[in-house]
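The values are calculated or read from the model by the stated rules, or taken from the named source; none is laboratory data. What you see is a predicted model, and the numbers here were worked out from it, not measured in a lab. Reconstructed Cβ throughout: ideal geometry from the backbone, glycine too, with neighbour counts over all protein chains shown. When the accessible area is computed, the model is the full protein with side chains, heavy atoms only, and any ligands, DNA or RNA have been set aside. Shrake-Rupley method; radii C 1.70, N 1.55, O 1.52, S 1.80 Å.
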Amino acid sequence: LCLALALLPVLPAEAAIKVLATTADWSALAVELGGDQVNVYTATSALQDVHSVDAKPSLVARARTADLLVANGADLEAGWLPVLLQESGNPRIQPGAPGHFEASSALRLLEVPTTVDRSMGDIHAFGNPHAHLDPRNVATVAKALTERLAAIDAPHAAYYRSRGADFQSRWQQAMARWSEQAKPLRGVPVVVMHRDQVYLVNWLGLQELAAIEPKPGVPPSAGHLAGLVTKLAASPPRMILRNAYNDPKASDWLAQ
């Protein structure tokens, strides 16, 4: 019996904190920084439009037991996260609580509008929320998230800070490598599908010629597309940038 017990696999200790991440990007970062002291659940997949998510009962159940919410912020999840937080009834992850972390709060966002109204399309009042497409922003958020983990789980603060320092070292090396590889892209003319590519364009030094959407979130009309064809015939782009998530409408626009 003793021998049989000795051969049984050792179960890992229960994770110190339960993390609910709204996107796959920040979920991956939470895993990197938290290691075996966190249990991370991701509300959306990497191939999903994070603007449109259903606050299903299973997701509400995850929010109800979470110790830390890691959200993008800047109204990226405005269509569903407030409902999820309200339905969860979890005081630990409500705005203003230590367990409520928004990546955008650590950053200086681009394209902050001076005014906002419905005629401007899907404009985010706090600025363009897609900051993760610039890896320098990921490094900044990682520092802030490391300290938040250390604050809400003080007994393991040294552990989180050690992992945070290791991540920063590896990330800086990776950014240096990527920047070197991306040098030929500087000044390359491109067209973007949606304004979510602005951080990538800014980091790589690309030259944005036009956006296929006339306004953020507004489908292009036939007239707008015809105008783009004329404009781009004179100044052809080298590439069109679009997100990887499945968007049949975007495929139709590109075909035109």
Query raised in the report: How much accessible surface area, in Å² rounded to 10, belongs to the heavy atoms of LYS56 with a 1.4 Å probe?
Result: 120
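Once the other residues with Cβ under 14 Å from the Cβ of ALA182 are scored (Lys, Arg +1; Asp, Glu -1), what is the net sum?
Details: positive: ARG136, ARG177, LYS183, ARG186, ARG238; negative: ASP134, GLU180.
Value of the local net charge: +3.
Over the chain, how many pairs of lysines fall under 29 Å by alpha carbon, counting only those 8 or more apart in sequence or from different chains? All intermediate terms of the calculation are to be shown ahead of the outcome.
Numbers: LYS18/LYS56; LYS18/LYS143; LYS56/LYS249; LYS143/LYS183; LYS183/LYS231; LYS215/LYS231; LYS215/LYS249; LYS231/LYS249.
Here the count comes out as 8.
Sorting TYR160, TYR41 by accessible area (1.4 Å probe), largest first, what list results?
Details: TYR160 0, TYR41 75 Å².
Sorted descending by solvent-accessible area, the residues read TYR41, TYR160.
Excluding ligands, DNA and RNA, what is the solvent-accessible area per residue of the chain at a probe of 1.4 Å, expressed in Å²?
Working: 13920 Å² over 256 residues.
Computed with neighbouring chains in place, this is 54 Å² per residue.
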Requested in this report: Report ³J(HN,Hα) in whole Hz for each residue of the stretch 94-99, in order, from the Karplus equation J = 6.51 cos²θ - 1.76 cosθ + 1.60 where θ = phi - 60°; Gly and Pro get x.
Outcome: 6, x, x, 7, x, x
Query raised in the report: Which angle from 0 to 90°, rounded to the nearest 10, does the C-alpha axis of helix 24-34 make with the longest principal axis of the chain?
Result: 30
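Can you give the Rg to Rh ratio for the chain, taking only C-alpha atoms and Rh from Kirkwood? Walk me through the numbers on the way to the answer.
On the way: Rg = 21.3 Å, Rh = 20.4 Å.
Expressed as Rg/Rh, it is 1.04.
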Report task. Could you tell me what percent of the accessible area of the chain is made up of carbon and sulfur, with a 1.4 Å probe and every protein chain present? Result -> 57
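Exposed loop sites here are trypsin sites (Lys or Arg not before Pro) in DSSP loop states with at most 16 other C-beta atoms within 10 Å. What is the longest stretch of the chain lacking them? Write out the running numbers ahead of the final one.
Details: sites that count: ARG108, ARG186, ARG238.
The answer is 1-107.
Assign one of three labels to the stretch 13-59, namely rounded, prolate or oblate, based on the Cα gyration tensor with a ≥ b ≥ c the square roots of its eigenvalues; rounded applies when a/c is under 1.5, prolate when it is not and a/b is larger than b/c, and oblate otherwise. Walk me through the numbers on the way to the answer.
Working: a/c = 3.75, a/b = 1.67, b/c = 2.25.
Note, shape of the stretch 13-59 comes out oblate.
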Query raised in the report: Given the C-alpha centroids of the stretch 167-188 and the stretch 123-165, what is the distance between them in whole angstrom?
Result: 20
Query raised in the report: In square nanometres, what is one fourth of the surface area of the convex hull spanned by the alpha carbons of the stretch 175-222?
Result: 3.6
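Where nothing but the Cβ of Lys and Arg (+1) and of Asp and Glu (-1) is charged, how large is the charge dipole of the chain around its Cα centre, in debye to the nearest 20?
On the way: 22 positive and 24 negative charges, 101 e Å.
Roughly 480 debye for the chain.
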